[in-house]
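Written below as structure tokens is the structure these notes are about.
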Amino acid sequence: MLSVTKLIVALLSIFSIILLSFTFFIDQDSELNQLIQYYDFGLCMVFLYDFFVQLYKRKKRWRYFFTYGWLDLLSSIPVISEFRYIRVLRIFRILRIIRSLNMLYRFIITNKKASLYGLIVFVSTIILILSSTLVLYLEQDVGNIKTAEDALWWSYITITTVGYGDYYPVTNPGKLAASILILNGIAIFGAIVSYITDKVNTVKKRSSINQ
């Protein structure tokens, strides 16, 4: 059965494969490659968490594990880079469930709120990764963001709109990426507040019905 979580995991799987594909075209010892590996590690943690959730929810856990669960597990372990492209199987399974754009449309309409929050999470993740990667690529030779760790710290303080000022872009494209990341942080904060408010209202409605 299709769920928003499965759909988001499938989309992140697509993105992770694209992200890993870029590593074939850059220097393996570069800071840019190191940054991509950091982000891939984070995505692996998401996929690994999803694997254990799926395993826990299945009634026939061993059947799930021995059919394609073990492939999900191998592709989610960060240190086993040779199996990371197995993530494409997640995508095919989701496509098999959806089967048609009409079914996907009906699913999104039926789960409007969950789909919206899921879309915000997915888009925010993509913007975060692409912005910091782009800034490192543009700034490492001309600015003060020179290492993967610098880019990670800069992206964190930027998306949280704290902005300590110890790392900052100096090129115009870098500043544009920073502006997009700041707006992304504001959008995430708004989504979190909306989600919490929605949950609180749901609890209140249930309490009033039970009384």
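Out of (1) closer than 23 Å to residue 128 by Cβ; (2) surrounded by fewer than 16 Cβ atoms within 10 Å (Cβ to Cβ), the odd one out for residue 70 is which?
The number of the failed condition is (1).
Consider residue 197 against the criteria (1) touching a Ser or Thr at 6+ places or on another chain (Cβ under 7 Å); (2) within 21 Å of residue 119 (Cβ to Cβ): it satisfies all of them except one. Which criterion is unmet?
It fails just one condition, (1).
Could you grab me the full set of residues in region 165-211 that are in a loop (DSSP other than H, G, I, E, B) and not assigned by TED's automatic domain parsing to the domain that holds residue 139?
Listed by number, the list holds a single entry, 211.
In region 1-58, what residues are within 21 Å of residue 138 (Cβ to Cβ), assigned to a helix (DSSP H, G or I) and among the hydroxyl-bearing types (Ser, Thr, Tyr)?
Result: 21, 23, 38, 39.
The values are calculated or read from the model by the stated rules, or taken from the named source; none is laboratory data. Quick caveat, the model's predicted, so the values are computed rather than measured. With ideal geometry, Cβ positions are generated from the backbone for all residues, glycine too; neighbour counts draw on all protein chains shown.
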